[in-house]
Amino acid sequence: MRKKIIAANWKMNMTVAEAGAFLDVFLVELGDANSAEVVIVPPFTALSHVSERLAKTEQAKLGAQNMHWEKNGAFTGEISAQMLRELYVRYVVLGHSERRSLFGETDEVVNRKVRAALEASLRPIVCIGETLEERDSGRVEAVLEKQIAGSLAGLSAAELSHVVLAYEPVWAIGTGRTASPAQAQEAHAFIRKQLSVHWDSSVSEKVRIQYGGSVKPQNAAELLHQHDIDGALVGGASLEPRGFAEIVKAAHRLD
Ligand code: PGA
């Protein structure tokens, strides 16, 4: 049984003060009984504060939004896996569509980061997904296949088992337009099949695949109910502590 994983991708939102206020409400709302894994992914500037707060509880783990593949050096503005580990970061989101489209990240770049993260014992959350144009021209599977092969190239089955994938159709991110549960399930099943083709079925059954793209308290349960959807990567709706707690509870209720 794959444990559901629900992550709050705060993107470039939340000051330290705002992050503290969020946790004040969220951790109380969430309570103790929770079978889903929760990951809070703040901007770099709030990592330290959120880390200290989460050190006192099992309710949620810490994630980062990006990292560089080198260990250190002359890379102005970048952050290494080691720096994240020092703050007790456990997960790192890699290859988000905003990184790919706004900051030029290719599958090759994502692959370097994935390998560096695994080497440092960080668990990558690797984002893949098609644009609207790619969907409309019937290229969803080709795009996903290329992103999987490129972003995860060279990983052993053991390494792959530590990776979380996030299927995020670009047209559903921040648009209020969610993939239907059937559309999402179809893509997730395809992704899992690709993992079994490139690696093997025992690891493909273990890898967790999150859905991302306008997940809200109102649609979370139905999406999370799908056989191959193992969690959610939540952007906009993760900024509101009560709503985000509701999404986590929707996952919890399914177990
Ligand atoms: P959204 O973002 O929930 O605001 O659509 C999801 C994401 O980009 O991870």
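Within the stretch 163-175, the set of residues being over 13 Å from C127 (Cβ atoms) and in a helix (DSSP H, G or I) comprises W171 only. Part of a helix (DSSP H, G or I) and surrounded by 20 or more Cβ atoms within 10 Å (Cβ to Cβ): does that describe V110? So V110 passes the test.
For (1) open to solvent by 50 Å² or more (accessible area, probe 1.4 Å); (2) modelled with pLDDT under 95; (3) over 19 Å from G63 (Cα atoms); (4) away from the ligand (no atom under 11 Å from the Cβ), each residue gets a yes or a no:
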| residue | (1), (2), (3), (4) |
| --- | --- |
| K206 | yes, no, yes, yes |
| G213 | no, no, no, no |
| P217 | no, no, yes, yes |
| H227 | yes, no, yes, yes |
| D230 | no, no, no, yes |
| F244 | no, no, no, no |
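Of everything in the stretch 113-122 that's part of a loop (DSSP other than H, G, I, E, B) and in contact with a helix residue (DSSP H, G or I) (Cβ under 6 Å, 6 or more places away or on another chain), which residue is least open to solvent (accessible area, probe 1.4 Å)? Ranking the qualifying residues of the stretch 113-122, first place goes to L122.
Within the stretch 123-133, can one find any residue that is away from the ligand (no atom under 16 Å from the Cβ) and part of a helix (DSSP H, G or I)? Within the stretch 123-133, one or more residues are away from the ligand (no atom under 16 Å from the Cβ) and part of a helix (DSSP H, G or I). Enumerate the pairs (first residue in the stretch 71-82 and over 18 Å from P43 (Cβ atoms); second residue anywhere and hydrophobic (A, V, I, L, M, F, W, C)) with beta-carbon separation below 7 Å, excluding pairs fewer than 6 apart on the same chain, so at least 6 apart or on different chains. Taking only residues 6 or more apart or on different chains, the pairs are Q82/A120.
Which residue, of A157, A149, A142, is open to solvent by 10 Å² or more (accessible area, probe 1.4 Å), in contact with a His (Cβ under 8 Å, 6 or more places away or on another chain) and away from the ligand (no atom under 16 Å from the Cβ)?
None of the others qualify; the one that does is A149.
When the stretch 92-122 is filtered for residues that are under 22 Å from Q82 (Cβ atoms) and aliphatic (A, V, I, L, M), the ones remaining, listed by number, are V92, V93, L94, V109, V110, V114, A116, A117, L118, A120, L122.
In the condition set (1) away from the ligand (no atom under 16 Å from the Cβ); (2) open to solvent by less than 20 Å² (accessible area, probe 1.4 Å), S196 is compliant with all but (2). Candidates in the stretch 72-98 are the residues that are within 18 Å of the chain's Cα centre (by Cα) and among the small types (G, A, S); of these, the one that is surrounded by the most Cβ atoms within 10 Å (Cβ to Cβ) is G95.
Every listed requirement among (1) out of contact with any strand residue (DSSP E or B) (no Cβ under 9 Å at 6 or more places or on another chain); (2) more than 16 Å from the ligand (Cβ to nearest atom) is met by S101 save one, (2). For E186, the criteria (1) touching a residue at least 40 places away in the same chain (Cβ under 8 Å); (2) open to solvent by 50 Å² or more (accessible area, probe 1.4 Å); (3) more than 16 Å from the ligand (Cβ to nearest atom) hold in every case but one, which is (1). Does any residue in the stretch 234-255 that is closer than 10 Å to F22 by Cα come within less than 8 Å, Cβ to Cβ, of a residue that is outside any helix (DSSP H, G or I) and away from the ligand (no atom under 11 Å from the Cβ) six or more places away or on a different chain, and which pairs are these? Pairs that qualify, where the first residue is closer than 10 Å to F22 by Cα and the partner is outside any helix (DSSP H, G or I) and away from the ligand (no atom under 11 Å from the Cβ), are L239/M14.
Can you spot a residue in the stretch 56-71 that is assigned to a loop (DSSP other than H, G, I, E, B), hydroxyl-bearing (S, T, Y) and either under 18 Å from the mean Cα position of the chain (by Cα) or farther than 20 Å from A7 by Cβ (or both)? Spell out how you get there, then give the answer.
Quick first cut of the stretch 56-71, residues assigned to a loop (DSSP other than H, G, I, E, B) only: 56-60, 65-71.
From the residues that got through so far, the ones that are hydroxyl-bearing (S, T, Y) too are 57.
Adding the requirement that they be either under 18 Å from the mean Cα position of the chain (by Cα) or farther than 20 Å from A7 by Cβ (or both) leaves none.
Checked the stretch 56-71: no residue is assigned to a loop (DSSP other than H, G, I, E, B), hydroxyl-bearing (S, T, Y) and either under 18 Å from the mean Cα position of the chain (by Cα) or farther than 20 Å from A7 by Cβ (or both).
Go through the residues of the stretch 171-181 one by one and say whether even a single one is farther than 22 Å from V248 by Cβ, crowded, with 21+ Cβ neighbours inside 10 Å and aliphatic (A, V, I, L, M). The answer is no; no qualifying residue exists. For the stretch 27-47, filtering for residues that are open to solvent by less than 50 Å² (accessible area, probe 1.4 Å) and either in a loop (DSSP other than H, G, I, E, B) or more than 16 Å from the ligand (Cβ to nearest atom) (or both) leaves 11.
The values are calculated or read from the model by the stated rules, or taken from the named source; none is laboratory data. All of these numbers come straight from a predicted model, not from anything done at the bench. As a convention, Cβ positions derive from the backbone with ideal geometry for all residues, glycine included, and neighbour counts pool all protein chains shown. SASA here: full protein model, heavy atoms, side chains in, ligands and nucleic acids out. Shrake-Rupley method; radii C 1.70, N 1.55, O 1.52, S 1.80 Å.
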